[in-house]
Structure formats: structure tokens, C-alpha cells
Amino acid sequence: MESDKILKVAIQGYEGSFHDVAARRYWPDQKLELMPADSFDILGQMLKSGEADIAVMAIENSIAGSILQNYRILRENNFWVSGDIYLRIKHNLLAVKGASLSDIRQVASHPMAINQCRQFLGQYHDWKLIESEDTALSAKHIAEKKKKSKACIASTQAAEIYDLDILAPGIETNKTNYTRFFIVNKHKTEIAPDADKVSVYIRIPDKKGQLLKVLQVIEDHNLNMSKLQSFPVIGSFREYFFHIDIEFDHISQYLGLKDDLLNLTFEYEETGIYKRADITSILEKQQNQLTP
């Protein structure tokens, strides 16, 4: 994409949210017009209507797991995934300038952020926890109210944008907390020559061992399946969709696999073929923490 063209990007949340951070890291040299959405369904509507050129959508978190509704939004709208990015989720306790921990009586944030900081928050039994629709929006409200008794949990970027103090940095319980975001398009885009990952939906007959056959075919082609997620087919008892992410070195490897999978499924739909995010540093950090 041209760096001088303003790209309208739909994000769930507001300026300073983790979706905002992910968008700016994915397009570091691109002029962006961020388009906030209060929910993922609204985000999908903005992309489908053409109000947004593209969208950044969280799809899974290393602690909370898959965001199932977003797989539904992708499938129902026939959206196309052109990339993914992983973002380390670092939560901070923010408050107005001059506030201290002893001043705090109320902490607001998105419920997922609150749940990911339970160990830290558990030290302060007199704090009232308030669930909000967005971490960054909570920061904005704190800045507007200018009360030392109110704090929020949000990103470092939110602290900078809304001129708030970081009373406690890195308060998330798990220090290997990552969220994976999809880069989502309304229509199928040109496949990059260095693409090495595919996301597909399949639907298989309700027969004994049918899913095992699918997995065996992937194994026979010596390709890595990095994601398998099931969803019930609404109105069809004991039938399921499966979202699968498969990694390959060259697209010809995937095309050979695809021919075999088509013989085992009665519904097969590609959701995206793209260059996968580099997660080498993430794996190294995880390995270092596991090494005694």
C-alpha cells in the first residue's frame, strides 16, 4: 500500500487501545485514519459497508483463548485475511497527574483486562472494579473527570495520549500474554509471493474418524497445522465447522494438500492466504521462561 495514501482502518476500541497499537505496528510507515468501533459486530459492519478500507480484529489471546464471535463474523461476511500480527499485552494502572496508589478507590477497564490483572488487583480489597467497553476509552474518561480517586487499566500509549501517570506498570498476571490480530479485508486480495500460511473453514460429514482423516492428510503432506477451532453448524445436529491454520514453505505445498482435503470435506472455504507473523522472539522468550 502507498505510504502517502490515508488508509481507513476499523478497530475495536479507541485511540490508545491495543487494536490501535497493533494497527500502527503493522503499518509503521502508512498514514492511518483509525475508525473506532464499540463492538466487533460494528467493526464488521463498517468494513462491509465500505466505511473502512480494512480492519484489525483480535482473534485469539494466549490467556483468554479464541474469540469465537470473530470467526463467525469472518465467515458470515466472507471477509478475507491478508495478514496477522501478535502483540504483547502489557497492562498498566493509570491515573491523573499527582495521584498515588493510596488515593485510588475505583478502577475501570475492559473486563478482559481486569481479569488479566486479578493478582495485582487482589492486593487492594477496597478498590471498586468497574467494567467498561474499552481500555483506552476508560483512560479517556479518567483524564476528563480529573479525579485522583479514579484509575484505569490501559496501555502505555493510552497514558501518553491522555496525559496520565502510570502508577503501576506491567500489572498483568501473566508476562507472556499475547493477542493475535487478523488484518481483515472486505474482499479477497492478491496473494503475496512470499505467502506461507492459509486459514480455511471446512465442514466434514458426521462419520466416524472423518476429522482424523483430515488431520492425517495434513500430516502426510508434512505441513504444520498451527490452529484448529471447532464451531457448531447452527440448525444441524452434530455437525461442525472447523477453522484451520496451516503453515507451508511454498504455496505449491498447500495446493497439493488442498486437492486431498477437498475429497474429504463437503464444504471448503479459504479465509486468507498470507505471510505469517514472525513469532521467533515470542517463542524464545517463552522457552527462556520454561528453562530452569
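Rule-based calculations on the coordinates, nothing more; no lab input. This one's a predicted model, so the numbers in the text were calculated from it and none came from an experiment. Positions of Cβ are backbone-derived with ideal geometry, glycine not excepted, and every protein chain shown enters the neighbour counts.
What the table shows:
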item	result
Residue within the stretch 206-222 that is out of contact with any Leu (no Cβ under 9 Å at 6 or more places or on another chain), under 27 Å from Ile54 (Cα atoms) and small (Gly, Ala, Ser) present	no
Subset of the stretch 99-138 that is part of a helix (DSSP H, G or I) and either of a type in the set (Asp, Glu) or touching a Gly at 6+ places or on another chain (Cβ under 6 Å) (or both) - its residue that is farthest from Phe18 (Cα to Cα)	Asp103
Some residue of the stretch 205-219 being assigned to a strand (DSSP E or B) and either surrounded by 12 or more Cβ atoms within 10 Å (Cβ to Cβ) or free of Cβ contacts under 8 Å to residues at least 24 places away in the same chain (or both)	no
Residues of the stretch 40-78 satisfying the condition of being assigned to a strand (DSSP E or B) and in contact with a Leu (Cβ under 6 Å, 6 or more places away or on another chain)	Ala55
Candidate set: the stretch 102-140, residues that are among the charged types (D, E, K, R) and surrounded by fewer than 16 Cβ atoms within 10 Å (Cβ to Cβ); chosen: the one nearest to the chain's Cα centre (by Cα)	Glu133
Ser230 being of a type in the set (Ser, Thr, Tyr), more than 30 Å from Ser138 (Cα to Cα) and surrounded by fewer than 17 Cβ atoms within 10 Å (Cβ to Cβ)	yes
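Residue-by-condition table, conditions (1) in contact (Cβ under 8 Å) with a residue 60 or more places away in the chain; (2) among the β-branched types (Val, Ile, Thr):
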| position | (1), (2) |
| --- | --- |
| Ser62 | yes, no |
| Gly65 | no, no |
| Leu74 | yes, no |
| Ile89 | yes, yes |
| Val107 | no, yes |
